[in-house]
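A.B. asks: The following block contains the structure, expressed as structure tokens.
The values are calculated or read from the model by the stated rules, or taken from the named source; none is laboratory data. Being a predicted model, the structure only gives us computed values, none of them experimental. Quick reminder, even Gly has a Cβ in these numbers, built from the backbone with ideal geometry, and neighbours come from all protein chains shown. Protein only, heavy atoms only, side chains kept; ligands, DNA and RNA dropped before computing areas. Shrake-Rupley method; radii C 1.70, N 1.55, O 1.52, S 1.80 Å.
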Amino acid sequence: MSKKPDTEFTYTVDDLGKFDFGGTALAVIGHPIQHSVSPAMHNAAIKKLCEQESRFNDWAYFRFDVPPEAFAGAVPRFFEHNFLGLNLTIPHKVQAMELIKGISPDAERMGAVNTLVWNEFGYDGFNTDGYGLKKGLLEDLDFDLKNGTVILLGSGGAARAAAVQCVLDGCKKLYVGNRTPSRLDGLMEIVHEMPGGQCAEAFALNTPPRDLPETGVLINATSLGLKTDDPAPFDVALLPDGWKVYDMIYNPAATKLLEEAGKRGLATANGLSMLVHQGARSLEIWSKTEVNAHSMMAAACHALKLPPRY
């Protein structure tokens, strides 16, 4: 008889045959993944859904550590065990593109998926990162991408999702800077092919944009800031006083970039709101119902030992 699975445990693919995940199973897959707060967030939201509809009583969200070399073989196993939905984090978002059956238009542009949905033929892929960023900017900084000016740092998967979202939402000007020119060229090619994509302009980090408007937002989508001794990826002294700064990194809660922007008196926010809203959107796709993002934020803050946000 299979043991009852624990939503707080970190599983591996080999555990799929040892436990009866039963009911409607969901999971986040990454490497490393043990510090992910996604299970806490999603199970809190599922608890709220249970109060509205009994069909969610058997839903549960788990955590699986799957290294890159095992990922291609793992996806079919999750499918065979009827996992309704999967969230993908680093380093699986791009690799999954080759393993899915269908893909949403925005995810195809972004070249990455973070949300998989079971259907009888395989998994379909979506990307909710851009949506999460859009909601986070509005919620934390009262910044609307439409007609806004954005400086985006980075050219990886997160930056690509951000750039596509900026163009989709009709930002007035998008400046994209990165340390690796070849990766930056690939991102610019994607956005320039989109309607409205001519608003995007690449820049070298050592020659940042000049003549900036009075208001705008700087978004860090690089990994600089994950380590406490990382330097800030941009000199905030170059920003006009009316600018705001958003760092996709949420742990640590205050990166060097945010600290320096705060000292200048600029409005700042970290990426926790993006994490919460991309997760809420994933759960909405799976459940086909509205999800309480407040419950997810409360659970994330509790898991990260942060004061409540709402």
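A.B. asks: Multiply the residue separation of D15 and K48 by 0.36 nm, subtract the distance between their alpha-carbon atoms, and state the gained length in nm to one decimal.
C.D. replies: The D15-K48 span can extend by a further 9.1 nm.
A.B. asks: Let me ask you something else. Output the relative contact order of the chain, whole-number percent, from Cα pairs under 8 angstrom with separation of 6+ residues. Walk me through the numbers before you get to the answer.
C.D. replies: Details: 611 pairs, mean separation 50.6, N = 310.
It rounds to 16 percent for the chain.
A.B. asks: Quick one: which of 203-216, 146-159 comes out on top by average Cβ neighbours within 10 Å, and what's the full order, highest first?
C.D. replies: Numbers: 203-216: 12.1, 146-159: 21.9.
In descending order of packing, they fall as 146-159, 203-216.
A.B. asks: Also, quick follow-up: Where does each of 75-85, 270-280 land if you order them by average Cβ count within 10 Å, highest first? Show your work: numbers first, answer last.
C.D. replies: Values: 75-85: 17.6, 270-280: 25.7.
So the order, starting with the most tightly packed, is 270-280, 75-85.
A.B. asks: Stick to the Cα atoms of the range 130-269, pair each with every other, and give me the Kirkwood hydrodynamic radius in Å at one decimal.
C.D. replies: Numbers: mean 1/r = 0.0677 Å⁻¹.
Computed over Cα pairs of the range 130-269, the Kirkwood hydrodynamic radius comes out at 14.8 Å.
A.B. asks: Between the range 43-98 and the range 191-233, what is the separation of their alpha carbon centroids in Å?
C.D. replies: Taking the Cα centre of each part, the range 43-98 and the range 191-233 sit 32 Å apart.
A.B. asks: Take every Cα pair under 8 Å in the range 130-269 that's 6+ residues apart, average their separations, divide by the length, and report that relative contact order as a whole percent. It would help to have the intermediate numbers written out before the result.
C.D. replies: Details: 253 pairs, mean separation 31.0, N = 140.
Relative contact order of the range 130-269: 22 percent.
A.B. asks: Between K101 and R309, what length comes free when the chain is fully extended (0.36 nm per residue of separation minus the Cα-Cα distance, one decimal in nm)? Mind dumping the intermediate values first?
C.D. replies: On the way: separation 208, 0.36 × 208 = 74.88 nm, distance 3.81 nm.
Net length gain for the segment: 71.1 nm.
A.B. asks: Need one number: convex hull volume per residue for the range 256-310, Cα atoms only, in Å³.
C.D. replies: Values: hull volume 5.3 nm³, N = 55.
In the range 256-310, the Cα hull volume divided by residue count equals 97 Å³.
A.B. asks: As a test of reading the structure, rank C301, C50 by solvent-accessible area (1.4 Å probe, protein chains only), most first.
C.D. replies: Details: C301 5, C50 45 Å².
Result, largest first: C50, C301.
A.B. asks: Using 0.36 nm times the number of residues separating Q198 and I90, minus their current alpha carbon distance, what extension gain do you get? Mind dumping the intermediate values first?
C.D. replies: Working: separation 108, 0.36 × 108 = 38.88 nm, distance 2.93 nm.
Difference between extended and current length: 35.9 nm.
A.B. asks: Over the range 209-300, how many pairs of lysines fall under 21 Å by alpha carbon, counting only those 8 or more apart in sequence or from different chains?
C.D. replies: On the way: K227/K256; K227/K263; K244/K256; K244/K263.
Pairs that pass both the separation and distance tests number 4.
A.B. asks: Modelled label-to-label distance, D241 and K288, 7 Å Cα→beta-carbon offset: nm?
C.D. replies: It is 5.4 nm.
A.B. asks: What is the Cα centroid distance between the range 9-25 and the range 113-173, reported in whole angstrom?
C.D. replies: First find each Cα centre; the distance between them is then 31 Å.
A.B. asks: Note down the accessible area of D241, probe 1.4 Å, to the nearest 10 Å².
C.D. replies: Spelled out: D241, probe radius 1.4 Å, area about 130 Å².
A.B. asks: Among DSSP bridges having both ends in the chain, what percentage is antiparallel? Round to the nearest 5.
C.D. replies: Numbers: 8 of 48 bridges.
Close to 15 percent.
A.B. asks: Which of the peptides 35-41, 170-176 is most tightly packed, and how do the rest follow, going by the mean number of other Cβ atoms within 10 Å of each residue?
C.D. replies: By packing density, highest mean first, the sequence is 35-41, 170-176.
A.B. asks: Next question, about the same structure. Using a probe radius of 1.4 Å on heavy atoms only, what accessible surface per residue do you get for the chain? Whole Å² is fine.
C.D. replies: On the way: 14480 Å² over 310 residues.
In whole numbers, the chain has 47 Å² accessible per residue.
A.B. asks: While we're looking at this one, here's another question. Skipping prolines and chain starts, which residues have an amide H placed within reach, meaning under 5 Å, of the one on K244, given they are 5 or more residues away or on another chain?
C.D. replies: G216, V217, L218
A.B. asks: So how do I103, I285 rank on accessible area, 1.4 Å probe, biggest first, that is with the largest at the start?
C.D. replies: Values: I103 60, I285 30 Å².
So the residues, ranked largest to smallest area, are I103, I285.
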